[in-house]
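The values are calculated or read from the model by the stated rules, or taken from the named source; none is laboratory data. Note that the structure is a prediction, hence the values are computed from the model and not measured. Every residue, glycine among them, receives a Cβ derived from its backbone with ideal geometry; neighbour counts consider all protein chains shown.
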Amino acid sequence: MARFVFVTGGVVSSLGKGLLSASLAACLQARGYKCRIRKFDPYLNVDPGTMSPYQHGEVYVTDDGAETDLDLGHYERFTGVSARQSDNVTTGRIYRDIIARERRGDYLGATVQVIPHVTNAIKEFALADTDGLDFVICEIGGTVGDIESLPYIEALRQLRNDLGRGQTVSVHTTLVPWIKVAGELKTKPTQHSVREIASLGVQPDVLLCRCEMPIPEAERAKIAQFCNVPKSAVIEALDARSIYDVPLQYHREGLDDEVLKAFGLPTEPRPDLSRWEGVMDAVDHPEGEVTIGVVGKYVGLPDAYKSLREALIHGGIANRVKVNIKWVDAELFEKPDGDTISELEPMHAILVPGGFGERGTEGKIASVRFAKERKVPFFGICLGMQMACIEGARAAGIEGASSTEFGDTPEPVVGMITEWMSEEGLQERRAGGDLGGTMRLGAYEATLGGNSHVAAIYGKTQISERHRHRYEVNAHYKADLEKSGLVFSGMSPDGRLPEIVERPDHPWFVGVQFHPEYKSRPFDPHPLFASFIAAALKQSRLV
Ligand code: GLN
């Protein structure tokens, strides 16, 4: 039976529980263990699909079409294990399911309560689908002490009891702040946080202490004594120079050893972390650098483009170059004094990422035009591909070319389609439907043209990539777009939905309807990002 590691956070949010969970899984994998990571989100949204990127950062999409928390992206990038719908749950989803059952009369007249009904649902979620795994790492969102996370801590307490000794370990993340005027690191917030979670019946086994300064022996001993853990289980977690150094760093500090010891498992043989050493060698010793302009809408909040940012860095790792990302606000180019040319001229390549809504789209179209005319490498992702097609159509003389997403248009080069085929059969989408759940979501196959640039990049003609969009490029405009030099080089297997466009007369111009960034990993960079960065490198040598 799988063993469970519960990761909780105390003192403040943003202590990096997601990275901790992903890094711990990476270290355990490096010892040959099979791991899965799950995220419990205590908010009342059913999923993050309808939440603003400003609030919640990126929505991460799994192969099986779940819209999940961005931490699942870390999990995949660090473990290479594809996340599933069953790896992320929210309080909203749990309540929705319980209320649906209650309405059906499934509870046979019983009073439905947080304990046991909500806590049981949380436990079922943790335990489901764990056959063949050695470890399941469960990250509880939020901070201990929040009202919202109480049912999760209670479920965790019960599980520790239900599963018996040796089957669960609790890792608690805290902050050990540096008080400048006193010149001291303070352990009190950690003591309070551990007291809080212990008062809920969960004694942490391992403490991960985030800090700006190394923790002296005396403070470490104090934390151990007051928090009831061995001194070796007080793990110092200084800020890392790259997120990909975190598995190596936490391993050096003894995280995986302490977790194994808490389970009563041997710490020998030592893990093989060579793939992480290889990644860090490329990060630490770049042989050049490129600057990529990302023209988007949520540029003030890089978390909104988390996977994209990482995929660009992976492209850099593949080429052993440092990637500087310049976030450019698309709306700048819509202002009368907006100067597209001088903003974009210093870029070695331009990327227009995914997005929703009309705001900023004319600026994005202007960036496509700039990249096309100046022969600067261009990568359009999802909305970025749609903008490349609208730009192409306008260049071919279709003046009113637009997307139905932005209102009625006489020339819907991008439009809502209502039916398409998936592995589960015919899917339907209703224009007036709820915003949550009307998108083409998850992995879909595409067939690439044999002689296309993208087939050469992928090294194959059948691919599967993840989607998250409501609108599609309208294949009826194929002939017009071809007139503008834009070729449909990837289509859905039934030939109806354009998946990829490219410009054969351009050094690197590719638009994709899907999100390749979700599948890129530091030790396995996505071919499109590796090739795009290689093109940017070439461009940097020209200018
Ligand atoms: N807004 C566009 C659509 O829904 C693109 C979505 C995206 O870029 N993810 O089709």
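If the condition is being under 21 Å from the mean Cα position of the chain (by Cα) and of a type in the set (Gly, Ala, Ser), then segment 306-356 contributes Ser307, Ala311, Gly315, Gly316, Ala318, Gly354, Gly355. Exactly one residue out of Ala304, Ala318 is in a helix (DSSP H, G or I), within 16 Å of the ligand (Cβ to nearest atom) and hydrophobic (A, V, I, L, M, F, W, C): that is Ala304. The residue list Val510, Val543, Val501, Val487 contains one member that is closer than 28 Å to His314 by Cα and modelled with pLDDT under 95, which is Val543. Check every one of the strands (runs of 3 or more DSSP E) wholly within segment 386-475 and list those with 3 or more residues that are within 22 Å of Ala371 (Cβ to Cβ), within 16 Å of the ligand (Cβ to nearest atom) and at pLDDT 90 or above. Once the strands (runs of 3 or more DSSP E) in segment 386-475 are filtered for at least 3 residues that are within 22 Å of Ala371 (Cβ to Cβ), within 16 Å of the ligand (Cβ to nearest atom) and at pLDDT 90 or above, what remains is 401-403. Considered as a group, the residues in segment 69-112 that are in a loop (DSSP other than H, G, I, E, B) and touching a residue at least 60 places away in the same chain (Cβ under 8 Å) include one that is surrounded by the fewest Cβ atoms within 10 Å (Cβ to Cβ), and that residue is Gly80.
Of all residues in segment 173-184, those satisfying the criterion of being under 29 Å from Cys138 (Cβ atoms) and not in a loop (DSSP other than H, G, I, E, B) are Thr173, Thr174, Leu175, Val176.
When Val295, Val279, Val259 are screened for being in contact (Cβ under 8 Å) with a residue 40 or more places away in the chain, in contact with a Ser or Thr (Cβ under 7 Å, 6 or more places away or on another chain) and crowded, with 18+ Cβ neighbours inside 10 Å, only Val295 passes.
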